[in-house]
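Here's the structure we're looking at; comments come further down.
The values are calculated or read from the model by the stated rules, or taken from the named source; none is laboratory data. Treat the numbers as computed from the prediction; the structure is a model and nothing was measured. Ideal geometry is used to build each Cβ from the backbone, glycine not excepted, and the neighbour counts take in all protein chains shown.
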Amino acid sequence: MPKDSGIGASSKRREDVRFLTGRGRYTADIQLHGQTYAAFARSPHAHARIVSIDTKAAEAMDGVLAVFTGADFAAVGGNPAGWLIQSRNGETMKEPKRPVLAHGKVRHVGDAYAAVIAETVEIARSAVEALDVVFEELPAIVDMAAAVADKTNRVHDEIADNVCFDWGWIEDNRAAVDAAFKSAPHVTSLKLINNRLVPNAMEPRASIGVYDPGTEDYKLYTTSQNPHLTRLLVAAFVMGIPEHKLNVIAPDVGGGFGSKIYHYGEEALVLAASRRIGRPVKWVADRSESFLTDAHGRDHVTTIELASDKQGNFLALRTETLANVGAYLSNFATVTPTFLHGTLMAGPYKTPLVYVNVKTVFTNTAPVDAYRGAGRPEATYSIERVVDKMCRELNLDPVEVRRKNFIQLDQFPYTTPVALVYDTGNYQATLDKLIDIGDFAGFEARRAKSAKAGKLRGLGLSTWIEACGIAPSALVGALGARVGLYDAATVRVNPTGNISVMVGAHSHGQGHETVFAQIVSSKLGIPEANIDIVHGDTSKIPFGMGSYGSRSLAVCGSAMDRALDKVIAKGKKIAAHMLEAAEGDIIFADGKFSVTGTDKAKTFGEIAFSAYVPHNYPLETLEPGLEETAFYDPANFTYPAGAYACEVEVDPDTGRVEIASFTCADDFGNVMNPMIVEGQVHGGVAQGIGQALLEGCTYDANGQLTSGSYMDYTMPRADDLPMYTVDHSCITPCTHNPLGVKGCGEAGAIGSPPAVVNAVIDALHRAGKNVTHIDMPLTPSRVWSAMNA
Amino acid sequence: MYNFDFVKPSNIPDAAKAMAADGAQALSGGQTLLPTMKQRLASPSVLVSLTGIPEMQGVCMADDGVSVGAATIHSKVAQEAAKLYPALAALAGGIGDPAVRNRGTLGGSLANNDPSACYPAAVLGSGATVHTNKRKIAADAYFKGLFSTALEDGEFITSVTFPVPQKAAYVKFDQPASRFALTAVFVAKYANGVRVAVTGASENGVFRWAEAEAALSANFSAAAIANLSASSKGMISDLHGTPAYRANLVKVLTGRAVSAAQ
């Protein structure tokens, strides 16, 4: 019998009622008294010097309240990089200033160089058009290899080769890896592109800045995945506002996928503007601005080599990657291609030697940063593609090759050659499950049926691992992080026994309001309906680090679990007092505090009420109130893993790829809400299929975004996707967090792209086409061209 | 969007008068025009809505074929032409998505003449006649290249008459993002020969594939074009397909349209 509430139940998402009935309250829905509007002047050029900006005509327009240019922010700070990476030669990475508004130079199409505040959006936009700006165009730096080779054209004048850093992981292993390649019986090489993606959250970014001249307090409503980090960055790094005078509120947020982790200049601008004019200032991006300025994802060019024996035992792996960071460093841009990518290059395999080299490159394109999976999809794609290519070269079964190279059950905890310690996992189990539920045995029959219909069928496999539950502060600190990555929760029991839980995680579609309540319900034995989860407002919640990296449950959920332990401990103290028993004799179960071995008990509600009506408390030893906070800093990453299979049908006449089936067998550790977990996998796989077949963000040689709207950027739609078969019954609980959870938010996007591409290559190979690789997205034109090359 | 004046005449003479004004722009569905105006890339001073004129609405059988009012929305053509001209109805029912089909019109599509639009293939493939407020224009004389037509200033389409073929089919290969035609082919078999019109492929917009027409007029089967190949010269090159790919699609889709024609 499935449970109907609490941990393990597929409780319906309570937040969906307001989302689906139009009652969500997003930043754009918030209307404040005296509100004004900001519009941004954005560069039409990829790279140009700003010779002059004449603002007079704009300022003279009726309804215009203020005009800002880069000069207004020249004296304040820049938006910093969140991690400092060391290059192989020991030098610290280059960190050019990222100003609120471009000053002196614009560095990508869409780079904001001025802003107008006006009574209406239309007036603000017209005033932007009235700005008289003179640009001196410079050659656009778009291609990464050319950017590195070019010593004269520079995105940032002070960085000669456009390289932010040149990172080796682990540099000390390099010689041993190179030696292993020299003596290896077989080497498989593959050059591949991990295509650039536009995040495309359903809700565009939006911000409202509010300055109160009476209290000198600032308030920022904004589309953020982590309001406390935004507050810290805006207050301490950019604007110099005392942190306690800035309240950041991220209300309902319509998706982020990483793009709303970061602080953007528009947030600082609306605050500065509100301070200048004394009225609220609102900005809502239109879709074109989202395409041009949201931090993009992926964009790696990688050469990967796998050394093996002739039987397919992996001996060593080595990669060289150019990773695009765009024109400026977004907050997590430097960690995504390094510690979220290079450290995953062992995959689920016991490859003894691994070396990863990553150069990050500045170009005249939008900043690139973490996007669902963040570095781990890039790692998984490279590994799973080269493994598949090796199997073909050596004529080996891709299932068996993976099996024999897996880290075996008795090897956990397993220290990889790229410095992670996998606490637990069972990769054989998920692969076995996949082969079963994906009906591998029936593939030949399905292939024959497809052939009869004139279609080429292929089967692709991907066995993946990720590191999430981000992250142990001590570890990331040692690796260059400028922040800690703990999280926090406050459990406030109200006098009537219902509960508000204030959490540092932020829900922008994930369903925290439902799942966190399920956990509280199970732990305290009270109905889910009596529990509210509060998030997104720095004036209400403890200092948390927001949601990304599949961390909310593993880190913030663990903090909440600890806080609940404290509530129970306090409840026992109160019960001991009320029941005149020793604290050690109180047990808590099924929502009751009872004296062991007796029928004396108090319900949770009675304890809660007593805590706030402490008429006879021994105040020296028992404080009134029932509210507890815990901060939780994880001991390790968590390591979800799984096995994915994709079957495709390729139309040989047109090259069109149809996903015939997609099967997932995942190990997410303990599962709190199976329905939500499945939904997360469905969404992640949809994004992975999008990357593999449909989505490609492209700039032309002049740095113009050629995929800047839905007319050319292909988002996956329902009819592009199959019905999924999803399983999460193989469970190795995380060993170091109290819930035993690992995280599921990014899995689908990490594991799926190589399964799709491997399936297409398999289909072509079975049809006698000698195609070893096609770069994503595998559009019909690309597949057809490869078949007919 | 910039400010503009809006008029919605209820008959053709009033519409013609309104269209004669300086800066007047016909509006008939607005599926391309309105997004362009929202992006401030177009700024007509007067929008003349053509959707309030009864004689420009609906589908009926006329002496020389199926007559479709220029302001008829796609979903209505899909419904009302289903029995009269099934291939035309199917084409209309496959344009864009439901929102587009309930706003976009035949006249709007033809006046815009997007090189990847569906309707131009039906009009050219059927040898239809375009009726305007001033004259009749044969399909072969109407399409003048990329976003360019025989329409003069102040002239607007009132209806289109489609001669009904013995057999016809439209096969579209979607551009995956926009769901316009990456390439699409309309094949129609008449007593006096076969017409093959291709959209989405050429930089000059919709065109007739003469060699295929000749081959199919002699033998209306997919096999008849097996030895032909469409030239990739002048084909569109973009994110979604190379000229060679589009040329391949022209042939593949022509064959499929012939097989599907009924």
Go through the stretch B:234-249 and give me each residue that's more than 7 Å from chain A (Cβ to nearest Cβ) and small (Gly, Ala, Ser).
-> B:Gly234, B:Ser237, B:Ala244, B:Ala247
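Out of B:Leu41, B:Leu27, which single residue is within 14 Å of another protein chain (Cβ to nearest Cβ) and either touching a Gly at 6+ places or on another chain (Cβ under 9 Å) or of a type outside the set (Phe, Trp, Tyr) (or both)?
Of B:Leu41, B:Leu27, the one residue that is within 14 Å of another protein chain (Cβ to nearest Cβ) and either touching a Gly at 6+ places or on another chain (Cβ under 9 Å) or of a type outside the set (Phe, Trp, Tyr) (or both) is B:Leu41.
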Residue check for B:Ser259: under 30 Å from B:Ala24 (Cα atoms) and within 14 Å of chain A (Cβ to nearest Cβ) = no
Do we find a residue being buried (at least 21 other Cβ atoms within 10 Å of the Cβ), within 14 Å of chain B (Cβ to nearest Cβ) and of a type in the set (A, V, I, L, M, F, W, C) anywhere in the stretch A:723-739?
-> no
Of the residues B:Ala81, B:Ala42, B:Ala122, B:Ala71, which is modelled with pLDDT under 95 and touching a Leu at 6+ places or on another chain (Cβ under 8 Å)?
-> B:Ala42
Residues of the stretch A:665-694 satisfying the condition of being in contact with a strand residue (DSSP E or B) (Cβ under 9 Å, 6 or more places away or on another chain), not in a helix (DSSP H, G or I) and not aromatic (Phe, Trp, Tyr) = A:Ala665, A:Asp666, A:Asp667, A:Gly669, A:Asn670, A:Val671, A:Met672
Only one residue in A:Gly605, A:Gly625, A:Gly591 is more than 24 Å from A:Gly6 (Cα to Cα) and of a type in the set (Gly, Ala, Ser), so which one is that?
-> A:Gly625
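Residues in the stretch A:113-146 that are small (Gly, Ala, Ser) and out of contact with any helix residue (DSSP H, G or I) (no Cβ under 6 Å at 6 or more places or on another chain): how many?
The total comes to 6.
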Which fully enclosed strands (runs of 3 or more DSSP E) of the stretch A:133-252 have 2 or more residues being within 30 Å of A:Thr319 (Cα to Cα)?
-> A:163-169, A:186-194
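Yes/no matrix, rows are residues, columns are (1) in contact with a Cys (Cβ under 6 Å, 6 or more places away or on another chain); (2) outside any strand (DSSP E or B); (3) farther than 14 Å from B:Ala197 by Cα:
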| residue | (1), (2), (3) |
| --- | --- |
| B:Leu124 | no, yes, no |
| B:His131 | no, no, yes |
| B:Lys134 | no, yes, yes |
| B:Phe147 | no, yes, yes |
| B:Leu151 | no, yes, yes |
| B:Gly154 | no, yes, yes |
| B:Val160 | no, no, yes |
| B:Tyr170 | no, no, no |
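Please find, among B:Val123, B:Val171, B:Val187, the residue that is within 14 Å of another protein chain (Cβ to nearest Cβ) and surrounded by 23 or more Cβ atoms within 10 Å (Cβ to Cβ). Lay out the reasoning, then the answer.
Working: B:Val123 fails: within 14 Å of another protein chain (Cβ to nearest Cβ); B:Val187 fails: within 14 Å of another protein chain (Cβ to nearest Cβ).
Going through B:Val123, B:Val171, B:Val187 in turn, just one is within 14 Å of another protein chain (Cβ to nearest Cβ) and surrounded by 23 or more Cβ atoms within 10 Å (Cβ to Cβ): B:Val171.
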The residue from A:Val354, A:Val335 that alone is out of contact with any Ser or Thr (no Cβ under 8 Å at 6 or more places or on another chain), among the β-branched types (Val, Ile, Thr) and at pLDDT 95 or above is A:Val335
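This table checks each residue for (1) over 13 Å from the mean Cα position of the chain (by Cα); (2) touching a residue at least 40 places away in the same chain (Cβ under 8 Å).
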{"residue": "B:Leu91", "(1), (2)": "no, yes"}
{"residue": "B:Tyr119", "(1), (2)": "no, no"}
{"residue": "B:Gly127", "(1), (2)": "no, yes"}
{"residue": "B:Lys136", "(1), (2)": "yes, no"}
(1) more than 14 Å from chain B (Cβ to nearest Cβ); (2) surrounded by fewer than 24 Cβ atoms within 10 Å (Cβ to Cβ); (3) in contact (Cβ under 8 Å) with a residue 40 or more places away in the chain; (4) charged (D, E, K, R) all hold for A:Asp720 apart from (1)
Can you tell which of A:Ala759, A:Ala755 is away from chain B (no Cβ under 14 Å), under 20 Å from A:His773 (Cα atoms) and touching an Asp or Glu at 6+ places or on another chain (Cβ under 7 Å)?
-> A:Ala759
Residue by residue through the stretch A:483-531, note down the ones that are of a type in the set (Phe, Trp, Tyr) and in a helix (DSSP H, G or I).
-> A:Phe516
